[in-house]
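Worksheet: the structure to be examined is printed underneath.
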Amino acid sequence: MVERWCAATPDDFTFDVKLHQLFSFHSTPAKLLPPQLQRRAETDAKCKVKSTPDLQEALLKFFLPSMSILRNTGKLGVLLLQLSPAFSPRKHQLSDLEPLIEMLSDYDLAIEFRNRNWAVGDQMESTTDFLRKHRAIFVNVDAPASDHFTVMPSDVDEVTNTKIAYLRLHGRNKAYITGKTVASRFNYDYKDEEIVEVADRSNELARRARDVHVIFNNNNLDYAPRAALRLRKALGQIVKTPAQTLELF
């Protein structure tokens, strides 16, 4: 499959790859592991896996050969660790991330915190200092304005590795917090003035990093690819956007 991705995309196309949820402190059903690891994994009464360093290392051995295909063709961007909101300063330490960071030391690793307590008050400095020390990439976000603990602040633009800055856009739908499905949570079509705001943030990050990855995660219908094209136009990368196709759904 990865070989087909490489063959089907332009030479300068780059893939950022999200890591398996076993690494991100999400509750993980055993059925989501490769069959060989399902038999080895320790599970609870609900068939949820106990994540251990040994199991994480074994899963990486299944995963990284595919990444080497992307890397060898020059198409591997960063690996994205999108942490669970349950990963909080009250229950965890940043050092809990060190085993995975060390195992992926040969890769560019971007870390998206989804508990805002990592990015407010005095904790923010500790968080960014930790990432700089380990050359990990802080994921800046765009999300609805909210103080809910699962919503990261959108007024943060941090660069913790001057090689790559990262901006991930989730849309501004209020259902981002309450939505029961992915489609409802990320059902947001960015307005023109909001695309200009994203362009300004992107340019600011570009002044402090060699490359900037801007990822649209407002993935209902075709909102994300259209927003990306509009952003490229706002950044002056293209003169005009292609004609809009009719919605299929």
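The values are calculated or read from the model by the stated rules, or taken from the named source; none is laboratory data. Small disclaimer: the values here were computed from a predicted structure and weren't measured. Methodologically, a virtual Cβ is constructed for each residue, glycine included, from the backbone with ideal geometry; neighbour enumeration extends over all protein chains shown. For accessibility, only protein heavy atoms count, side chains too; no ligands or nucleic acids. Shrake-Rupley method; radii C 1.70, N 1.55, O 1.52, S 1.80 Å.
Here are a few things to note about the model shown:
- Here the condition is being touching a strand residue (DSSP E or B) at 6+ places or on another chain (Cβ under 7 Å), among the β-branched types (Val, Ile, Thr) and more than 18 Å from THR128 (Cα to Cα); of VAL159, VAL139, VAL212, VAL198, it holds for VAL198 alone.
- Test: ILE164 is under 26 Å from PHE130 (Cα atoms), modelled with pLDDT of 95 or more and β-branched (Val, Ile, Thr): yes
- Test: residue in the range 100-111 that is touching a residue at least 60 places away in the same chain (Cβ under 8 Å), open to solvent by less than 40 Å² (accessible area, probe 1.4 Å), in a helix (DSSP H, G or I) and more than 17 Å from PRO153 (Cα to Cα): yes
- Among the residues of the range 21-45, those identified as outside any loop (DSSP other than H, G, I, E, B) and in contact with a Ser or Thr (Cβ under 7 Å, 6 or more places away or on another chain) are GLN21, LEU22, SER24, ALA30.
- Some residue of the range 117-132 being more than 21 Å from ASN161 (Cα to Cα) and modelled with pLDDT of 95 or more: yes
- Within the range 133-153, considering residues that are in contact with a Leu (Cβ under 9 Å, 6 or more places away or on another chain) and not in a strand (DSSP E or B), the one modelled with the lowest pLDDT: ALA143
- The one condition in (1) over 16 Å from LEU83 (Cα atoms); (2) in contact with a strand residue (DSSP E or B) (Cβ under 8 Å, 6 or more places away or on another chain); (3) not aromatic (Phe, Trp, Tyr) that THR181 fails to fulfil: (2)
- The set of residues in the range 174-224 that are assigned to a helix (DSSP H, G or I), surrounded by fewer than 17 Cβ atoms within 10 Å (Cβ to Cβ), at pLDDT below 95 and of a type outside the set (Gly, Ala, Ser) comprises ILE177, THR178, VAL182.
- Close pairs (6 angstrom Cβ cut-off, 6 or more residues apart or separate chains): on the phi > 0 side of the Ramachandran plot in the range 126-149, modelled with pLDDT of 95 or more anywhere: ARG135/ASN161
- Selection status of ILE177, under 16 Å from the mean Cα position of the chain (by Cα), hydrophobic (A, V, I, L, M, F, W, C) and on the phi < 0 side of the Ramachandran plot: no
- Residue ID - nearest to ASN217 (Cα to Cα), chosen from residues in the range 132-157 that are open to solvent by 50 Å² or more (accessible area, probe 1.4 Å) and acidic (Asp, Glu): ASP155
- Residue within the range 46-57 that is part of a loop (DSSP other than H, G, I, E, B), open to solvent by less than 30 Å² (accessible area, probe 1.4 Å), over 18 Å from PHE113 (Cα atoms) and touching a Leu at 6+ places or on another chain (Cβ under 7 Å) present: no
- Residue, farthest from THR162 (Cα to Cα), within the range 66-99, restricted to residues that are in contact with a helix residue (DSSP H, G or I) (Cβ under 6 Å, 6 or more places away or on another chain) and open to solvent by 50 Å² or more (accessible area, probe 1.4 Å): ILE69
- When GLY74 is tested against (1) part of a loop (DSSP other than H, G, I, E, B); (2) closer than 21 Å to VAL151 by Cβ, only condition (2) is not met.
- Condition broken by LYS61, with the remaining ones in (1) of a type in the set (Lys, Arg); (2) part of a loop (DSSP other than H, G, I, E, B); (3) open to solvent by 60 Å² or more (accessible area, probe 1.4 Å) satisfied: (2)
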